[in-house]
1. Filter segment 362-401 down to the residues that are closer than 21 Å to Phe444 by Cβ, part of a loop (DSSP other than H, G, I, E, B) and of a type in the set (S, T, N, Q) and list them by number.
2. Of the conditions (1) at pLDDT below 95; (2) crowded, with 17+ Cβ neighbours inside 10 Å; (3) over 30 Å from Leu529 (Cβ atoms), Phe384 fails just one. Which one is it?
3. Taking Ile308 as the residue in question, decide whether it is part of a helix (DSSP H, G or I) and out of contact with any strand residue (DSSP E or B) (no Cβ under 7 Å at 6 or more places or on another chain).
4. Cβ-Cβ distance below 7 Å, separation of 6 or more or different chains: which pairs start in segment 581-601 with a residue that is closer than 22 Å to Pro301 by Cα and end on one that is not in a helix (DSSP H, G or I) and not acidic (Asp, Glu)?
5. Among the residues of segment 311-325, are any in a helix (DSSP H, G or I), over 17 Å from the mean Cα position of the chain (by Cα) and touching a residue at least 12 places away in the same chain (Cβ under 8 Å)?
6. So, of the residues in segment 403-456 that are more than 24 Å from Met477 (Cα to Cα) and among the acidic types (Asp, Glu), which turns out to be surrounded by the fewest Cβ atoms within 10 Å (Cβ to Cβ)?
7. Quickly run through segment 205-245 and pick out the residues that are surrounded by fewer than 20 Cβ atoms within 10 Å (Cβ to Cβ) and in a helix (DSSP H, G or I).
8. If you check Gln295, Gln304, which single one turns out to be closer than 18 Å to Ser364 by Cα, modelled with pLDDT of 85 or more and surrounded by fewer than 22 Cβ atoms within 10 Å (Cβ to Cβ)?
Amino acid sequence: MQIELIEIQDFLAEHPPFDQLPKDTLERIPRRLTVRYFRRGSPFPPEDADPPCVYILRRGAVELRNSQGELVGKLAEGDLCDMPCRSRTEGTHFQGNTSEDTLVYALPCGELDQLRTEHPAFAEHFEQSISERLRKALDIIVDSPSSGSGLMTVQLGSMLKRDPIVAGPDTSIREAAQRMSEHRVSSLLIMEGDHLAGMITDRDLRSRCVAVGLPTDRPVRDIMTEQLQTAQVDTLGFQALLTMTRLNVHHLPVLEGERVVGLISTTDLTRFQSANAVYLVGDIHRASSIETLIQISAKIPELQVHLINSGATANHVGQAISAVTDAITRRLIDLAEADLGPPPAPYAWLAGGSQARREQSSHSDQDNALLIADHAKPDDDAYFAALAKIVNDGLDACGFVYCPGDVMAANPKWRQPLRIWNKYFANWILKPEPKALMLANVFFDLRAIHDPEQLFSELQERIIERSKSNRIFVAYMVANALKYRPPLGFFRNIVLIQGGENDHTFDIKHKGIVPIVDLARIHALSAGLAETNTIERLAAAAEIGALSKDGSANLIDAIEFIGTLRMRHQAKQLSHGRKADNFVSPNELSPLERGHLKDAFLLINTMQESLGQRYQSGRFA
């Protein structure tokens, strides 16, 4: 075979859907292609095309427009344009032109039809929608982790090795302890008939019986934990791990429907995973100094690397790392109160940004605030200022650097009584000025990390009610969000960063993830939803009809795909001892990943346009 034909074959083999074809078929295709060159500004497809062809771009760029002249697509190296073939049956009309000097491979539509008939995997590319291709791409990168599968695929039911060890609530504490010793278990499920009434652990025997001198002939119901978190047999191991991390528990009863079938422990889960968030959280709760917390937090990058290598998605990583950050924050608050004494008035420590959404990667910067009860005295602020400084400084020492915009509890502006916070939000919603819209990205994602008196619930209810009923505020937020567009042609030089240390890269966080986070926030606020996590917001919006189920599913798939590429990029940097960032070079992505990333960007753009039309955002830009 001539060297030119081999080069074409190699190129096709690296780009979907031709990468799905067997080698002998690929060898035949170059001889059936026509190579064509178009100068910048030429009509596309060429007016003299006979027969109609599918075009594979080898170099250059093409802009496609519909019959109204609206831009419907951009093509660049490796992209495929099959519109001339589809127009035969679908009646699709479009026009385009080359925006650069362009070289293409043209394959007659008849040849394409034959390939689709003979090779189902190849045909799938044309039969699937963008959303279906994106979902499949996400499955591929999750099912093909760097090493092992671990807790991402194992269900709890398959990890149960024995029937649950149980006792009745009237069993004496002594008998319960004897039964635990006999079966060599550290916990015992308490059953009342077929109903799960509670559970006791070794810790309960020590702290609730021995330490307080409770007679061991008392019934076990006196020391059991009644409010239990449970899991189902089909729950993935990683989901159970996240639950244990958030609640700081080490045992979960496992149910099949309503029937108790077993008990899973952190020991069971750690057989599948060495670095794990549960043990980090346990170490954090035992830490007696900031120095110890600093040592523990140094393991967070390792956790991110391990999770990605185990097949975790961006959502899994974000949930796990945010749970660790929550634990560090709470422990710093405990240490501050131990040093300063009890607080003079109730307060809530609020997290904002990615921590509030449970979407952190390792060592993000911090966004937080203090909400103080209205009856606090003016002199009480000295205490809360000292507490905020201890926690903010501690988080910074642990790698969660100070907020560049000073959105932290140590700033007096963000350390206020409930009545002031109510005024803040009322002003932001009623007067949506540029600064208010910027602050909305942080403060409309708040989540309480420490809130013994449930102060935040009252504030959150008012925020939801005010934002839901103010269409003008939402419209301003839409207009502001639409300023951040996905880079639809990110692998072309004109849209990559030019010069500096991030030369020829794109910012995958701000160009790919932030637009979806903004869309989800807008749907949540306009529908009066309390969720803060982006995926949970999108799902909840679809549940009540505020967002179509397809739109919700597509955006969830898009943020998972883009976010997982980001987490993998960072994990690779961390594993080589480098600081993680968000600047991805197109060269580090496979042709398949680049193609599906463009699918994701197209979906985001479509959803942005739809929301903009609904709120006529151009009036508020």
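1. Passing the criteria: Ser364, Gln366.
2. The single condition Phe384 does not satisfy is (1).
3. yes
4. Taking only residues 6 or more apart or on different chains, the pairs are Phe583/Asn502; Phe583/Thr505; Val584/Thr505; Val584/Phe506; Ser585/His504; Ser585/Thr505.
5. no
6. If we take residues in segment 403-456 being more than 24 Å from Met477 (Cα to Cα) and among the acidic types (Asp, Glu), then Glu453 is surrounded by the fewest Cβ atoms within 10 Å (Cβ to Cβ).
7. Matches in segment 205-245: Arg206, Ser207, Arg208, Val210, Arg221, Asp222, Gln239, Thr243.
8. Sole residue among the options that is closer than 18 Å to Ser364 by Cα, modelled with pLDDT of 85 or more and surrounded by fewer than 22 Cβ atoms within 10 Å (Cβ to Cβ): Gln295.
The values are calculated or read from the model by the stated rules, or taken from the named source; none is laboratory data. Everything numeric in this text was worked out from a predicted model, so none of it was measured. Cβ: placed from backbone, ideal geometry, glycine included. Neighbour counts: every protein chain shown.
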